[in-house]
Amino acid sequence: AVLKELGYSVNNAVQRLAIPLISSGQNVLVIAPTGSGKTEAAMFPLMDKMLRDNSSTLIYVTPLRSLNRDILLRLRRLGRALGLSVALRHGDTTSWEKSKISKNPPRVMITTPESLEGLLISPSLAGFLKNVRAVVIDECQEVTNNKRGIALSYALERLCEKAGEFQRVAL
(Lines give C-alpha, C1' and ligand atoms only; values in the text may rest on other atoms or scores of the structure.)
Protein backbone atom coordinates (compact mmCIF):
# COMPACT_ATOMS: atom_id res chain seq x y z
CA ALA A 1 0.00 0.00 0.00
CA VAL A 2 2.85 2.41 0.84
CA LEU A 3 4.49 1.74 -2.51
CA LYS A 4 1.29 2.55 -4.39
CA GLU A 5 0.89 5.77 -2.42
CA LEU A 6 4.39 6.78 -3.53
CA GLY A 7 3.55 6.01 -7.16
CA TYR A 8 5.45 2.72 -7.39
CA SER A 9 4.17 -0.44 -8.95
CA VAL A 10 5.91 -3.76 -9.39
CA ASN A 11 4.88 -4.53 -12.89
CA ASN A 12 7.88 -4.74 -15.15
CA ALA A 13 9.74 -7.88 -16.14
CA VAL A 14 12.97 -6.95 -14.32
CA GLN A 15 11.14 -6.54 -11.02
CA ARG A 16 8.94 -9.61 -11.48
CA LEU A 17 12.05 -11.74 -12.05
CA ALA A 18 14.43 -10.18 -9.51
CA ILE A 19 12.21 -9.55 -6.48
CA PRO A 20 11.43 -13.22 -5.69
CA LEU A 21 15.14 -14.14 -5.94
CA ILE A 22 16.21 -11.23 -3.74
CA SER A 23 13.38 -11.93 -1.28
CA SER A 24 14.62 -15.51 -0.95
CA GLY A 25 18.03 -14.25 0.21
CA GLN A 26 20.01 -15.26 -2.85
CA ASN A 27 22.95 -13.25 -4.12
CA VAL A 28 21.67 -11.75 -7.36
CA LEU A 29 23.03 -9.91 -10.40
CA VAL A 30 20.31 -7.83 -12.07
CA ILE A 31 21.12 -6.88 -15.67
CA ALA A 32 18.75 -4.47 -17.39
CA PRO A 33 18.82 -1.11 -19.17
CA THR A 34 19.02 2.21 -17.33
CA GLY A 35 15.62 3.29 -16.07
CA SER A 36 14.21 -0.23 -15.95
CA GLY A 37 13.62 -0.30 -12.19
CA LYS A 38 16.68 -2.25 -11.02
CA THR A 39 17.11 -0.10 -7.90
CA GLU A 40 13.51 -0.70 -6.86
CA ALA A 41 13.80 -4.41 -7.71
CA ALA A 42 16.64 -4.60 -5.20
CA MET A 43 15.40 -2.23 -2.53
CA PHE A 44 11.73 -3.24 -2.22
CA PRO A 45 12.45 -6.77 -0.93
CA LEU A 46 15.51 -5.70 1.07
CA MET A 47 13.64 -2.88 2.83
CA ASP A 48 10.78 -5.28 3.47
CA LYS A 49 13.24 -7.59 5.25
CA MET A 50 14.57 -4.62 7.24
CA LEU A 51 11.06 -3.84 8.46
CA ARG A 52 10.85 -7.38 9.87
CA ASP A 53 14.33 -7.23 11.44
CA ASN A 54 14.61 -3.96 13.34
CA SER A 55 18.35 -4.27 13.90
CA SER A 56 19.40 -4.97 10.32
CA THR A 57 21.26 -2.42 8.21
CA LEU A 58 22.10 -2.18 4.53
CA ILE A 59 24.88 -0.60 2.47
CA TYR A 60 24.20 0.75 -1.02
CA VAL A 61 27.42 1.27 -3.01
CA THR A 62 27.37 3.68 -5.94
CA PRO A 63 30.66 3.88 -7.83
CA LEU A 64 29.53 6.92 -9.80
CA ARG A 65 29.42 10.14 -7.78
CA SER A 66 26.75 11.49 -10.09
CA LEU A 67 24.41 8.75 -8.84
CA ASN A 68 24.87 9.47 -5.13
CA ARG A 69 22.39 12.34 -4.87
CA ASP A 70 19.82 10.71 -7.12
CA ILE A 71 19.92 7.47 -5.14
CA LEU A 72 19.83 9.42 -1.87
CA LEU A 73 16.68 11.29 -2.90
CA ARG A 74 14.94 8.14 -4.15
CA LEU A 75 15.85 5.96 -1.16
CA ARG A 76 15.24 8.69 1.39
CA ARG A 77 11.72 9.19 0.02
CA LEU A 78 11.03 5.47 0.21
CA GLY A 79 12.75 5.17 3.59
CA ARG A 80 10.67 8.01 5.11
CA ALA A 81 7.47 6.31 4.02
CA LEU A 82 8.63 3.03 5.60
CA GLY A 83 10.26 4.52 8.70
CA LEU A 84 13.82 3.61 7.64
CA SER A 85 16.56 6.22 7.89
CA VAL A 86 18.86 6.75 4.90
CA ALA A 87 22.16 8.67 4.78
CA LEU A 88 24.95 9.33 2.32
CA ARG A 89 28.61 9.10 3.26
CA HIS A 90 31.37 9.73 0.72
CA GLY A 91 34.54 11.74 0.31
CA ASP A 92 32.71 15.09 0.24
CA THR A 93 30.71 14.44 3.39
CA THR A 94 31.34 17.27 5.85
CA SER A 95 32.72 16.66 9.33
CA TRP A 96 29.38 17.76 10.76
CA GLU A 97 27.51 15.19 8.64
CA LYS A 98 30.01 12.45 9.53
CA SER A 99 29.56 13.27 13.21
CA LYS A 100 25.77 13.14 12.83
CA ILE A 101 25.98 9.75 11.06
CA SER A 102 28.36 8.39 13.70
CA LYS A 103 26.09 9.43 16.56
CA ASN A 104 22.94 8.11 14.92
CA PRO A 105 23.76 5.65 12.11
CA PRO A 106 21.08 5.17 9.47
CA ARG A 107 19.49 1.88 8.58
CA VAL A 108 20.57 2.39 4.94
CA MET A 109 23.99 3.87 4.16
CA ILE A 110 24.76 5.02 0.63
CA THR A 111 28.48 5.18 -0.06
CA THR A 112 31.22 4.78 -2.65
CA PRO A 113 33.71 1.91 -2.84
CA GLU A 114 36.44 4.16 -1.42
CA SER A 115 34.28 5.47 1.42
CA LEU A 116 33.19 1.94 2.33
CA GLU A 117 36.81 1.29 3.26
CA GLY A 118 36.68 4.29 5.59
CA LEU A 119 33.47 3.04 7.21
CA LEU A 120 35.17 -0.24 8.04
CA ILE A 121 37.71 1.44 10.34
CA SER A 122 35.24 3.76 12.08
CA PRO A 123 34.81 2.65 15.72
CA SER A 124 31.58 4.65 16.01
CA LEU A 125 30.00 2.62 13.17
CA ALA A 126 30.90 -0.81 14.56
CA GLY A 127 27.27 -1.48 15.56
CA PHE A 128 26.01 -0.41 12.15
CA LEU A 129 28.53 -2.64 10.38
CA LYS A 130 27.84 -5.63 12.65
CA ASN A 131 24.18 -5.53 11.56
CA VAL A 132 24.68 -5.32 7.79
CA ARG A 133 22.49 -7.98 6.20
CA ALA A 134 22.75 -6.85 2.56
CA VAL A 135 24.95 -4.83 0.23
CA VAL A 136 23.70 -3.45 -3.08
CA ILE A 137 26.35 -2.57 -5.66
CA ASP A 138 24.92 -0.23 -8.28
CA GLU A 139 26.53 0.10 -11.71
CA CYS A 140 28.79 -2.84 -10.88
CA GLN A 141 30.20 -2.82 -14.42
CA GLU A 142 31.99 0.42 -13.51
CA VAL A 143 34.21 -1.38 -10.99
CA THR A 144 34.80 -4.75 -12.62
CA ASN A 145 38.32 -5.42 -13.83
CA ASN A 146 39.93 -2.34 -12.31
CA LYS A 147 41.60 -1.25 -9.08
CA ARG A 148 38.35 0.10 -7.63
CA GLY A 149 36.73 -3.31 -8.07
CA ILE A 150 39.61 -5.05 -6.38
CA ALA A 151 39.41 -2.60 -3.47
CA LEU A 152 35.63 -3.08 -3.26
CA SER A 153 36.00 -6.88 -3.23
CA TYR A 154 38.54 -6.61 -0.43
CA ALA A 155 36.28 -4.19 1.51
CA LEU A 156 33.34 -6.60 1.19
CA GLU A 157 35.49 -9.43 2.57
CA ARG A 158 36.53 -7.21 5.49
CA LEU A 159 32.87 -6.39 6.04
CA CYS A 160 32.15 -10.13 6.29
CA GLU A 161 34.58 -10.28 9.21
CA LYS A 162 32.48 -7.67 11.02
CA ALA A 163 28.94 -8.61 9.93
CA GLY A 164 29.15 -12.26 9.05
CA GLU A 165 27.71 -13.38 5.74
CA PHE A 166 25.31 -10.95 4.06
CA GLN A 167 23.32 -10.88 0.86
CA ARG A 168 24.91 -9.28 -2.20
CA VAL A 169 22.85 -7.70 -4.96
CA ALA A 170 24.68 -6.24 -7.97
CA LEU A 171 22.97 -4.00 -10.48
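By the helix-only formula, in which each DSSP H run with n ≥ 4 contributes -39500 (n - 2.57) and the sum is divided by residues, the chain has a 222 nm mean residue ellipticity of -15500 deg cm²/dmol.
Overall, the chain carries a charge dipole of about 400 debye about its Cα centre when +1 sits on the Cβ of Lys and Arg and -1 on the Cβ of Asp and Glu, all other atoms neutral. Ranking LYS130, LYS162, LYS98, LYS103 from most to least accessible surface, computed with a 1.4 Å probe over the protein chains only, gives LYS103, LYS130, LYS162, LYS98. Report the net charge of residues surrounding GLY149, where surrounding means a beta-carbon distance below 14 angstrom and charges are Lys +1, Arg +1, Asp -1, Glu -1. Every neighbour counted, the sum reads -3. Accessible surface for the stretch 95-171, divided over its residues, is 50 Å² per residue with a 1.4 Å probe. As a calculated quantity, the FRET efficiency between LEU21 and TRP96 at R0 = 45 Å, using C-beta atoms, amounts to about 0.70.
From the largest down, the chain spans 41, 36, 30 angstrom on the principal axes of its Cα atoms.
Heavy-atom accessible area with a 1.4 Å probe sorts TYR60, TYR154, largest first, into TYR154, TYR60.
What net charge do the residues around SER56 carry, taking every other residue with its C-beta under 10 Å from that of SER56, with Lys and Arg at +1 and Asp and Glu at -1? That works out to +3. Heavy-atom accessible area for SER24, with the other protein chains in place and a 1.4 Å probe, reaches approximately 70 Å².
Taking all Cα pairs closer than 8 Å and separated by 6 or more residues, the relative contact order of the chain comes to 27 percent.
Within the accessible surface of the chain, defined with a 1.4 Å probe on protein heavy atoms only, the carbon and sulfur portion equals 54 percent. Summing Lys and Arg as +1 and Asp and Glu as -1 over all other residues whose Cβ lies under 15 Å from the Cβ of GLU117 gives a net charge of +3.
The values are calculated or read from the model by the stated rules, or taken from the named source; none is laboratory data. Note that the structure is a prediction, hence the values are computed from the model and not measured. Because the Cβ atoms are built from the backbone with ideal geometry, glycine has one as well, and the counts that use them run over all protein chains shown. When the accessible area is computed, the model is the full protein with side chains, heavy atoms only, and any ligands, DNA or RNA have been set aside. Shrake-Rupley method; radii C 1.70, N 1.55, O 1.52, S 1.80 Å.
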